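Peer 1: The structure is given below, and queries will be raised subsequently.
The values are calculated or read from the model by the stated rules, or taken from the named source; none is laboratory data. Predicted model only: the values in this text are computed from it and were never measured. Because the Cβ atoms are built from the backbone with ideal geometry, glycine has one as well, and the counts that use them run over all protein chains shown. Please note that ligands, DNA and RNA were not included when accessible areas were found on the heavy atoms of the full protein model with its side chains. Shrake-Rupley method; radii C 1.70, N 1.55, O 1.52, S 1.80 Å.
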Amino acid sequence: MEFSIKAVQPGRTKTGCAVVGVFESRKLSLAASRIDEAAKGYLAAIVRRGDMAGKSGSTLLLHNVPGVASERVLLVGLGKETEFGARQYREAIAAAIRTLNGTGTRDVELHLTALDVKGHDAAWSARQAVIIARETVYRFDAMKSRRETAGPVLEQITLAAGDKADSRKAELGAQQGAAIADGMALTKDLGNLPPNVCTPAYLAAQARDLAKRYRMKVQVLEREDMQRLGMGTLLAVAQGSHEPPKFIVLEHRGAAKDAKPVVLVGKGVTFDTGGISIKPAAEMDEMKYDMSGAGTVLGTLKAVGEMKLALNVVGLIPTTENMPGGHATRPGDIVKSLSGQTVEILNTDAEGRLILCDALTYAERYEPAAVIDIATLTGACVIALGHVASGLFSNDDRLAEELLKAADAAHDRAWRMPLWDDYQDQLKSNFADFANIGGRPAGSVTAACFLARFARKYKWAHLDIAGTAWRSGKEKGATARPVPLLIQFLLGRAGKA
Ligand code: BES
Ligand code: MN
Ligand code: ZN
């Protein structure tokens, strides 16, 4: 799918389809009225008849509209004009692409991008349009013996822009959108791959591919390296598995050598059985997504590489399976982390924090500007925030604000949760420095409190994406969240947002 920007006159060129909006109730957008003029009131008549009332997300596909050069005209409902904002805009783009995908349309002029969206500019509109279009047509059929999606696909999408200045902004936005969509597709693919394919070694190979393609620096630490360094908590999780663990270091150098990097740390548990504290059988297959944090870091770095972002970004990925077995860690085992702090492992299913904490200590060596870890860390976070917002925890108010703003702009929501020391008491252990679980109350907070003990030396934020990284049910699959949030944050840091 290719994208280009043009100040096209609606319906004047021989394209497969012109896409225009209709507000509730029955008010034509500017582009729609242009087409209506050429068609001598044809659209207005249809709208008056009640076939398109402008409800947000509704569509009506018209063929051979008189006086119009495009083969089709797609009317898309935009909802109430006074309420038209980011959510309605995104919904309209998705509805348009969904409707056209699977028709014979190959090229489209999308006039929705010329609509005014409250609080956003032309760059944002173009960026969002590209991301949503690519999301809508995404399919994961790598493991099917035959591709299920047949028929023609959308090839060329022209994004309509207003004036010259808008065109220039939209151009940049579309480019960024394509890079972000590429990154998101990688994140989704990695999440959707089965756990017998997407192993720690597979993730390491992906990092090596990215390094080669985007001239990044890559290093993969093996079990012996981790032993030498003293990554005791990560190794404790890995010891029950036959798949060897990896510790992946991927560095994008887009700024001066001495510019402090942003470090992204991604939880890479390629399958979480719970270990000896084994999980129930129902839906255990979904624990293949427990490497979504790692997938997010790789997808984000891919987008960063494609945009050649003028920023230093380091990705750290501790990756392993969490399996039961004769060599597996027992509840009650006490291990020493890379930081020197000892941990009593009371529940082997609280493994994410155990692999992340060693990565957080490893991050100190970069003297980072900020460290952000991304992890499908707790079921409790899903209970707290559902599938709408990622949980945000931070030891720095300004960093938290910056991330929340990025989340808002990218429409990739996050909500700040507390990290007060009052919660630390729940992690008390009679036998080690502290335990790896804090009981049922505020489970996502005590998990973050555990991590905070390893992130004292820098500005740090933690994103719990257990509820947002994938969808269950019929539409089961990875979402690539929070790649958009992180890119938005990094664009901001690079002065490009
Ligand atoms: N990977 C899970 C968290 C998870 C649960 C993600 C459900 C998505 C959906 C994590 O490793 C885990 O098992 N956490 C435990 C922690 C508990 C033992 C303190 C949990 O949330 O139940
Ligand atoms: Mn677990
Ligand atoms: Zn897990």
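Peer 1: Is there a quick way to get the dipole size of the stretch 295-406? I mean about its Cα centre, with the Cβ of Lys and Arg at +1 and of Asp and Glu at -1; what is the value in debye to the nearest 20?
Peer 2: Result for the stretch 295-406 is approximately 200 debye, rounded to the nearest 20.
Peer 1: Would the stretch 400-497 count as rounded, prolate or oblate if I go by the C-alpha gyration tensor, calling it rounded below 1.5 in a/c and otherwise prolate when a/b exceeds b/c, oblate otherwise?
Peer 2: Because a/c hits 1.5 or more and a/b fails to exceed b/c, the stretch 400-497 counts as oblate.
Peer 1: If you don't mind, another one. With each label point set 7 Å from Cα along the Cα-Cβ vector, what nm distance links Met284 and Lys476?
Peer 2: With each label point 7 Å from Cα toward Cβ, the separation is 1.4 nm.
Peer 1: Averaged per residue, what accessible area in Å² does the stretch 29-164 show with a 1.4 Å probe, protein chains only?
Peer 2: 48 Å²
Peer 1: Now for a separate question. Helix-derived [θ] at 222 nm for the chain: sum -39500 (n - 2.57) over DSSP H runs of at least 4, divide by residue count, nearest 500?
Peer 2: It lands at -11000 deg cm²/dmol.
Peer 1: Can I ask one more? Which whole-number value in Å³ per residue fits the convex hull of the alpha carbons of the stretch 192-271?
Peer 2: Per-residue hull volume (Cα only) is 118 Å³.
Peer 1: Turning to a different aspect of this structure: From the square roots a ≥ b ≥ c of the eigenvalues of the alpha-carbon gyration tensor of the stretch 1-95, which class results: rounded (a/c under 1.5), prolate (a/b over b/c), or oblate?
Peer 2: It comes out oblate by the Cα gyration axes.
Peer 1: Computed FRET efficiency, Cβ-Cβ of Trp420 and Ala165, R0 41 Å: what is it to the nearest 0.05?
Peer 2: 0.30
Peer 1: Now for a separate question. Where does the stretch 382-430 land on Rg/Rh, using Cα atoms and the Kirkwood Rh?
Peer 2: Taking Rg over the Kirkwood Rh, I get 1.09.
Peer 1: Hey, could you pull the Cα Rg and Dmax for the stretch 220-321, both in Å?
Peer 2: 15.8, 50
Peer 1: Something else now. Which three extents, in whole angstrom, do the alpha-carbon atoms of the stretch 272-405 cover along their principal axes, largest first?
Peer 2: 48, 36, 29
Peer 1: Principal axis lengths of the stretch 287-336 from Cα atoms, whole Å, largest first?
Peer 2: 47, 26, 13
Peer 1: Report the gain in length on full extension from Arg398 to Gln219: 0.36 nm times residue separation, minus Cα-Cα distance, nm rounded to one decimal.
Peer 2: The Arg398-Gln219 span can extend by a further 61.3 nm.
Peer 1: Hey, what does the equivalent ellipsoid look like for the stretch 60-115, semi-axes from the Cα gyration tensor as sqrt of 5 times each eigenvalue, largest first, whole Å?
Peer 2: 22, 13, 9
Peer 1: On full extension of the chain, what length is gained from Ile334 through Asp258, given 0.36 nm per residue of separation minus the C-alpha to C-alpha distance?
Peer 2: Values: separation 76, 0.36 × 76 = 27.36 nm, distance 3.86 nm.
Net length gain for the segment: 23.5 nm.
Peer 1: While we're here: Taking only the C-alpha atoms, wrap a convex hull around the stretch 442-497 and report its volume per residue in Å³ as a whole number.
Peer 2: Here the figure is 101 Å³ per residue.
Peer 1: In square angstrom, what is the accessible area per residue of the stretch 182-493 with a 1.4 angstrom probe? Numbers along the way, then the final one.
Peer 2: Values: 12170 Å² over 312 residues.
Heavy-atom SASA per residue in the stretch 182-493 reads 39 Å².
Peer 1: Considering only protein heavy atoms and a 1.4 Å probe, what is the carbon-and-sulfur percentage of the accessible area of the stretch 182-493? Don't jump to the answer; show the numbers that get you there.
Peer 2: On the way: 6090 of 12170 Å².
Here it works out to 50 percent.
Peer 1: Label the chain by shape, choosing from rounded, prolate and oblate, from the square roots a ≥ b ≥ c of the eigenvalues of the Cα gyration tensor; if a/c is under 1.5 it is rounded, and otherwise prolate applies when a/b is larger than b/c, oblate when it is not.
Peer 2: prolate
Peer 1: Using the per-residue mean of other Cβ atoms lying within 10 Å as a proxy for protection, in what order, highest first, do the peptides 270-281, 219-230, 442-453, 318-329 fall?
Peer 2: 442-453, 318-329, 270-281, 219-230
Peer 1: Let me ask something else. Please report, in debye to the nearest 20, how large the charge dipole of the stretch 178-288 is about its Cα centre when each Lys and Arg carries +1 at its beta carbon and each Asp and Glu carries -1 there.
Peer 2: About 520 debye.
Peer 1: Follow-up question, since we're still on this one. For Ser429 and Ser25, compute 0.36 nm times the residue count separating them, minus their Cα-Cα distance, and round to one decimal in nm. Before the final figure, lay out the partial values.
Peer 2: Working: separation 404, 0.36 × 404 = 145.44 nm, distance 6.24 nm.
Full-extension gain reported as 139.2 nm.
Peer 1: To the nearest 20 Debye, how big is the dipole of the chain about its Cα centre, given +1 on the beta carbon of each Lys and Arg and -1 on that of each Asp and Glu?
Peer 2: 1220 debye
Peer 1: Sticking with this one: Starting at 0 and stepping by 5 Å, how many percent of the alpha carbon pairs of the stretch 19-150 end up in each bin?
Peer 2: That works out to 2, 11, 20, 22, 19, 13, 7, 4, 2, 1, 0, in percent per bin.
Peer 1: When ranked by the protection proxy of mean other Cβ atoms within 10 Å per residue, highest first, what sequence do the peptides 295-302, 472-479 form?
Peer 2: Top to bottom by mean Cβ count within 10 Å: 295-302, 472-479.
Peer 1: How many nm is it between the label spots at Gln341 and Lys118, if each spot is 7 Å from the Cα in line with the beta carbon?
Peer 2: Calculated label separation equals 4.3 nm.
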